[in-house]
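To keep things clear, I will list the structure first and then write my remarks on it.
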Amino acid sequence: MKDLKQLFDGFDLSDEFKERSAETFRKAVQESIDQHKAELQQTFDKQLSEMKNDLYKEFLAENIFEIARLKKERKLLETEAANVAGSDGGKVHAKAKEKVTAKTTDRDGKAIIKPKDAEKKKDEAKENLAEGKVFKF
């Protein structure tokens, strides 16, 4: 804090007073810096928490819509299989049922999540939420 000491050069003051003043000034500046850092950290933590919550809500919404779409498609396929089975006495029903269970992609060409994978993803999501993991971008 040479500048602060130089401020006192024109006056007849003791070196002890100059040093105490410089030290007091240093402490005040450091406290101000620490306070500002703490405020920034709180703001950052709050924004990060809000972002995590928003991402989790978006993730849940996407999964809910995907599950609803898959249920609807499965119901349509089962209805179609039942209609086919009724028209020929059940001979085609076995083949149609195989198609329903063996289907791995939907109409858009997206992979359908198999029940084992869905449970695994659900468990991973619960673990991530419980551990408070940050979603990576």
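The values are calculated or read from the model by the stated rules, or taken from the named source; none is laboratory data. All values reported here derive from a predicted model rather than from experimental measurement. A quick note on method: Cβ atoms are made from the backbone with ideal geometry, for glycine too, and the neighbour counts reach across all protein chains shown.
Brief remarks on what is shown
- For the stretch 59-75, a residue qualifies if it is of a type outside the set (S, T, N, Q) and either in contact with a helix residue (DSSP H, G or I) (Cβ under 6 Å, 6 or more places away or on another chain) or surrounded by 11 or more Cβ atoms within 10 Å (Cβ to Cβ) (or both), and the qualifying residues are Phe59, Leu60, Glu66, Ile67, Arg69, Leu70, Glu73, Arg74.
- Subset of the stretch 8-52 (residues that are among the acidic types (Asp, Glu) and either at positive phi or part of a helix (DSSP H, G or I) (or both)): Asp15, Glu16, Glu19, Glu23, Glu31, Asp34, Glu39, Asp45, Glu50
- Note on the stretch 36-62: among residues that are in contact (Cβ under 8 Å) with a residue 12 or more places away in the chain and not aliphatic (A, V, I, L, M), the one that is farthest from Ala125 (Cα to Cα) is Lys52.
- Residue in the stretch 22-39 that is more than 27 Å from the chain's Cα centre (by Cα) and modelled with pLDDT under 85 present: yes
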